[in-house]
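The values are calculated or read from the model by the stated rules, or taken from the named source; none is laboratory data. Computed from a predicted model, the values in this text were never measured in an experiment. Positions of Cβ are generated from backbone atoms using ideal geometry, with glycine treated the same way; all protein chains shown enter the neighbour counts. We work out accessible area using only protein heavy atoms, side chains counted, and drop any ligands, DNA or RNA first. Shrake-Rupley method; radii C 1.70, N 1.55, O 1.52, S 1.80 Å.
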Amino acid sequence: MAEKLAPEKRHDFVHKGQKVFEWDQTLEEVNLYITLPPNVHSKAFHCKIQSKHLEVGIKGNPPYLNHDLSAPVKTDCSFWTLEDGIMHITLQKRGKGQTWASPILGQGQLDPYATDLEQKRLMLQRFQEENPGFDFSQAQFTGNCPDPSSFMGGIRSD
């Protein structure tokens, strides 16, 4: 049932008309997907994940991404992989349930409507996690949705 509440589609992060990466989020993590340039050996890529900063690039070149993150992450639980020409970066949120409007601080923000949809989806994920015997996949919110990270005392960290 939880997979029904997974992100339906990825968001595009576009800069100057060019797609830089795609991203999505769950209650616990933010995922970035970067299409890698062809004909570059996998060992040439690097990714440095810090609590509030991300740097990605090809060794010996200026970084492709070198930006502060929208919110802090748990570096010991964050990681990156390369598969089928895609760099997948998994950032573990320090604030579980926090809705990110963009992975990059101050850039590429989702519009308010898209942010509200993300917040509603994350809230339903939270309800599903806290009540595993129920199916919230068809549930809907009307009006404003509460913040999933702080609603009713916040998320339990078991």
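So which residues in the range 95-106 are under 12 Å from residue 69 (Cα atoms), in a loop (DSSP other than H, G, I, E, B) and within 12 Å of the chain's Cα centre (by Cα)? Across the range 95-106, the qualifying residues are 100, 101, 102, 103.
Exactly one residue out of 83, 129, 55 is touching a strand residue (DSSP E or B) at 6+ places or on another chain (Cβ under 9 Å) and of a type in the set (Asp, Glu), and it is 55. Condition check for residue 42 on (1) without any contact (Cβ under 8 Å) to a residue 40 or more places away in the chain; (2) open to solvent by 50 Å² or more (accessible area, probe 1.4 Å); (3) among the small types (Gly, Ala, Ser): one failure, at (1). Among the residues of the range 46-96, those identified as under 22 Å from residue 150 (Cα atoms) and among the charged types (D, E, K, R) are 52, 74, 93, 94, 96.
Can you name the residue in the range 112-142 that is small (Gly, Ala, Ser), within 28 Å of residue 22 (Cα to Cα) and in a loop (DSSP other than H, G, I, E, B) and is also most open to solvent (accessible area, probe 1.4 Å) among such residues? Applying the filter and picking the extreme gives 139. If the condition is being assigned to a strand (DSSP E or B) and of a type outside the set (Ser, Thr, Tyr), then the range 72-86 contributes 73, 74, 76, 77, 79, 80, 82, 83, 86.
Filter the range 60-111 for residues that are open to solvent by 50 Å² or more (accessible area, probe 1.4 Å) and of a type in the set (Phe, Trp, Tyr) and give the result. Within the range 60-111, 64, 79, 80 qualify. Quick one: would you say residue 111 is over 12 Å from the mean Cα position of the chain (by Cα), more than 25 Å from residue 50 (Cβ to Cβ) and at pLDDT below 90? When the stated conditions are applied, residue 111 does not pass them.
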